[in-house]
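The values are calculated or read from the model by the stated rules, or taken from the named source; none is laboratory data. On a predicted model such as this, the values are computed, not experimentally measured, just so you know. So basically every Cβ, Gly included, is an ideal-geometry build from the backbone, and we count neighbours across all protein chains shown. All accessible areas refer to the heavy atoms of the entire protein, side chains included, with ligands and DNA or RNA removed. Shrake-Rupley method; radii C 1.70, N 1.55, O 1.52, S 1.80 Å.
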Amino acid sequence: MNALAATNRNFQLAARILGLDSKLHKSLLIPFREIKVECTVPRDDGSFVSYIGFRIQHDNARGPMKGGIRYHPEVDPDEVNALAQLMTWKTAVANLPYGGAKGGIGCNPRELTVSELQRVTRVFTQKIHDLIGIHRDVPAPDMGTNSQTMAWILDEYSKFHGYSPAVVTGKPIELGGSLGREAATGLGVVFATEFLLDEYGMSIANMKFAIQGFGNVGSWAASFIHQKGGKVVAVSDITGAVKNPNGIDIPALLKHKEKASSLKDFEGGDAMDLNDVLVHECDVLIPCALGGVLNKENAADVKAKFIIEAANHPTDPEADEILSRKGVTILPDIYANSGGVTVSYFEWVQNIQGFMWEEEKVNYELKRYMKRAFNDIKAMCHTHNCNLRMGAFALGVNKVARATVLRGWEA
């Protein structure tokens, strides 16, 4: 099942739990606006190349739309639609005054030079500058983009609208980026894990963790788990996989990866098959990479008691059912990985105020926001007698539906 079908399915189930009016139900599913633009730029060799850029703005009932911009050769409109919709529910669950959006350019950033990437980014910004904005739609980095991309968008946008640091988040610190933003998603995942384990009278210390994906989110999550006394027994990324039943030395693994650009040949553990990390012997499994990694083929073999969805949509609906029958507790992506967008919100707030926070305050507020969201999900689960995924979706959909009705959508 693709990402859009799965997201729609979760929305339909939440709408049924809430007893949503059918007209409102349909209105909430349809994106507010879909933008498609042509971006033609000169290559460094003088030839010209054209790419398609797009932005899907899903909903703005609760505030400006928020979501990443990705540069990837196979940008699938369905997936982007699903991710824009997911951002609408995610920001509502996290109690942030935003709606959802997503976008990108169908290019391969690895095949472009830095100056070519800059030209593509600036042309894309020129085409959409009047449809994004501080109180309209606030982009952020995603797959294939980074803080430098945001700096170019900020500069190009500012040529039309004056200096506007709050138009994008995930910027370099020197241009108004927030301290703590880089670690935010990983730290949020760890806070979410702590809150969940606490419900079962457990803590991170001495629990065994398997982490699939060792990019930004996975490496930060592994570091914080290691600091808190948790045992990371298996780690994988696209370059390789490592296991150690006594716990991997995460700082040593990070140093090795920085030096070798790969997890291969790490001396502090044994190599293993990439796909075996998901079914490795552990207490907590944290998928931090791609969507759809847990499916009907491997779900029955998962040994973890808890799954924390740090990636977007890592569990297929079929896997969801198999895992719930096995008694596995799944903390859903729309809550578990919301640390990134929460600190993006803090960055936006700091830019609007022109007053920057210390990292300590950023992390303190992140923990407070995630704790409140966890309690809200728990209350929803209690009210509707449902699992954490449905509790989170029902919470998000309910907030957006309520805001839509209060704003007078039928008038």
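Looking at (1) under 24 Å from residue 288 (Cβ atoms); (2) open to solvent by less than 40 Å² (accessible area, probe 1.4 Å), which is the one condition that is false for residue 108?
Evaluating residue 108 over (1) under 24 Å from residue 288 (Cβ atoms); (2) open to solvent by less than 40 Å² (accessible area, probe 1.4 Å) leaves (2) as the failure.
Condition check ((1) farther than 25 Å from residue 391 by Cα; (2) more than 19 Å from the chain's Cα centre (by Cα)) across all residues:
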position: 8; (1), (2): no, no
position: 11; (1), (2): no, no
position: 28; (1), (2): no, yes
position: 35; (1), (2): yes, yes
position: 49; (1), (2): yes, yes
position: 52; (1), (2): yes, yes
position: 61; (1), (2): no, yes
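Keeping to the range 299-316, report how many residues are modelled with pLDDT of 90 or more and open to solvent by 30 Å² or more (accessible area, probe 1.4 Å).
4
Taking the conditions exactly as written (within 27 Å of residue 409 (Cβ to Cβ) and not in a loop (DSSP other than H, G, I, E, B)), does residue 86 satisfy them or not?
Values: within 27 Å of residue 409 (Cβ to Cβ): yes; not in a loop (DSSP other than H, G, I, E, B): yes.
Against the criterion (within 27 Å of residue 409 (Cβ to Cβ) and not in a loop (DSSP other than H, G, I, E, B)), residue 86 qualifies.
From 46, 67, grab the single residue that is open to solvent by less than 30 Å² (accessible area, probe 1.4 Å), in the same structural domain as residue 140 (by the TED database) and not in a helix (DSSP H, G or I).
Numbers: 46 fails: open to solvent by less than 30 Å² (accessible area, probe 1.4 Å).
Among 46, 67, only 67 is open to solvent by less than 30 Å² (accessible area, probe 1.4 Å), in the same structural domain as residue 140 (by the TED database) and not in a helix (DSSP H, G or I).
Quick one: which residue in 242, 217 is open to solvent by less than 40 Å² (accessible area, probe 1.4 Å) and either assigned to a strand (DSSP E or B) or among the hydroxyl-bearing types (Ser, Thr, Tyr) (or both)?
Details: 217 fails: either assigned to a strand (DSSP E or B) or among the hydroxyl-bearing types (Ser, Thr, Tyr) (or both).
Just one listed residue meets the conditions, 242.
Suppose we filter the range 1-32 for residues that are within 18 Å of residue 58 (Cα to Cα), in a helix (DSSP H, G or I) and either touching a strand residue (DSSP E or B) at 6+ places or on another chain (Cβ under 8 Å) or not hydroxyl-bearing (Ser, Thr, Tyr) (or both); how many remain?
17
From 40, 91, which residue is open to solvent by less than 40 Å² (accessible area, probe 1.4 Å), among the hydroxyl-bearing types (Ser, Thr, Tyr) and touching a strand residue (DSSP E or B) at 6+ places or on another chain (Cβ under 7 Å)? Explain how you work it out, then say what you get.
Values: 40 fails: open to solvent by less than 40 Å² (accessible area, probe 1.4 Å).
It is 91.
Among the residues of the range 251-280, how many are touching a residue at least 24 places away in the same chain (Cβ under 8 Å), in a helix (DSSP H, G or I) and within 14 Å of residue 212 (Cα to Cα)?
Looking only at that region, the number is 5.
Can you pull out every residue in the range 202-214 that is open to solvent by less than 20 Å² (accessible area, probe 1.4 Å) and within 12 Å of residue 285 (Cβ to Cβ)?
As a first pass, look at the range 202-214 and keep what is open to solvent by less than 20 Å² (accessible area, probe 1.4 Å): 204, 209-211, 213-214.
Of everything in the range 202-214, those that are open to solvent by less than 20 Å² (accessible area, probe 1.4 Å) and within 12 Å of residue 285 (Cβ to Cβ) turn out to be 209, 210, 211, 213.
Does the range 177-193 hold any residues that are buried (at least 21 other Cβ atoms within 10 Å of the Cβ) and not hydrophobic (A, V, I, L, M, F, W, C), and which are they?
177, 178, 180, 181, 185, 186, 188, 193
So residue 146 passes all but one of these: (1) more than 24 Å from residue 82 (Cα to Cα); (2) polar (S, T, N, Q); (3) open to solvent by 30 Å² or more (accessible area, probe 1.4 Å). Which condition number does it fail?
(1)
Can you name every one of the helices (runs of 4 or more DSSP H) wholly within the range 317-374 that holds 2 or more residues which are open to solvent by less than 90 Å² (accessible area, probe 1.4 Å) and more than 22 Å from residue 139 (Cα to Cα)?
Numbers: elements: 317-325, 333-336, 339-353.
Because the criterion is at least 2 residues that are open to solvent by less than 90 Å² (accessible area, probe 1.4 Å) and more than 22 Å from residue 139 (Cα to Cα), the helices (runs of 4 or more DSSP H) in the range 317-374 that meet it are 317-325.
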